[in-house]
Amino acid sequence: MLQLFRKKVSKRSVTQPFNGIRAIQAHLVQKSRVEDYVNGNSKVKVDELMSCHSSCALGKWLHDDGGALKNKALLDALQRNCEEFQAAAVQAMLLADMDKPDLAKAAIQHGQLFHDASDRFQQCLAELHIESQANH
């Protein structure tokens, strides 16, 4: 799957710089919505959780304008951290749905995969923002 992702990404040239600030803001909104659901502050389940291959703004940018990025290690880290965050978010929401609020709340605490993957993903988004801006 990663090779297919890279192949699609490597065929295009960079035409628009990546807006990492917007991407981080969107990620933080999504993270907050998951936390609200798990903590019982919202009954609206976050159903747009997805992998970052092509459905989210980052994936769309990578498939369209970001294809000429040379930093494949950063692309790998982005994908890995996005997927880890998404998996941890889904797990926490499933625990909440299974009426296991203590386990669900523990899963989203600092020091757990949910927060750690989110922090790493935001760091990658910031690095991509800087690299993209430097290429323009």
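For every residue, the table says whether it meets (1) in contact with a Pro (Cβ under 9 Å, 6 or more places away or on another chain); (2) assigned to a loop (DSSP other than H, G, I, E, B); (3) of a type in the set (A, V, I, L, M); (4) at pLDDT 75 or above.
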{"site": "14", "(1), (2), (3), (4)": "no, yes, yes, no"}
{"site": "21", "(1), (2), (3), (4)": "no, no, yes, yes"}
{"site": "30", "(1), (2), (3), (4)": "no, no, no, yes"}
{"site": "40", "(1), (2), (3), (4)": "yes, yes, no, yes"}
{"site": "51", "(1), (2), (3), (4)": "no, yes, no, no"}
{"site": "54", "(1), (2), (3), (4)": "no, yes, no, no"}
{"site": "62", "(1), (2), (3), (4)": "no, no, yes, no"}
{"site": "75", "(1), (2), (3), (4)": "no, no, yes, yes"}
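Against the definition (modelled with pLDDT under 75, touching a Lys or Arg at 6+ places or on another chain (Cβ under 8 Å) and either under 26 Å from residue 131 (Cβ atoms) or not hydroxyl-bearing (Ser, Thr, Tyr) (or both)), how does residue 89 come out, yes or no? Spell out how you get there, then give the answer.
Numbers: modelled with pLDDT under 75: no; touching a Lys or Arg at 6+ places or on another chain (Cβ under 8 Å): yes; either under 26 Å from residue 131 (Cβ atoms) or not hydroxyl-bearing (Ser, Thr, Tyr) (or both): yes.
Answer is no for this residue.
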Which of (1) modelled with pLDDT under 75; (2) in contact with an Asp or Glu (Cβ under 9 Å, 6 or more places away or on another chain) does residue 120 not meet, given it meets every other one?
-> (1)
Exclusive hit being in contact with a helix residue (DSSP H, G or I) (Cβ under 8 Å, 6 or more places away or on another chain), surrounded by fewer than 19 Cβ atoms within 10 Å (Cβ to Cβ) and either modelled with pLDDT of 95 or more or at positive phi (or both), set 103, 113 = 103
Of the residues in the stretch 116-130 that are touching a residue at least 60 places away in the same chain (Cβ under 8 Å) and crowded, with 18+ Cβ neighbours inside 10 Å, the one that is farthest from residue 23 (Cα to Cα) is 118
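Only one of 96, 87, 77 is under 17 Å from residue 33 (Cβ atoms), buried (at least 17 other Cβ atoms within 10 Å of the Cβ) and not β-branched (Val, Ile, Thr). Can you tell me which?
96
The values are calculated or read from the model by the stated rules, or taken from the named source; none is laboratory data. These figures come from a predicted structure and were not determined experimentally. Quick reminder, even Gly has a Cβ in these numbers, built from the backbone with ideal geometry, and neighbours come from all protein chains shown.
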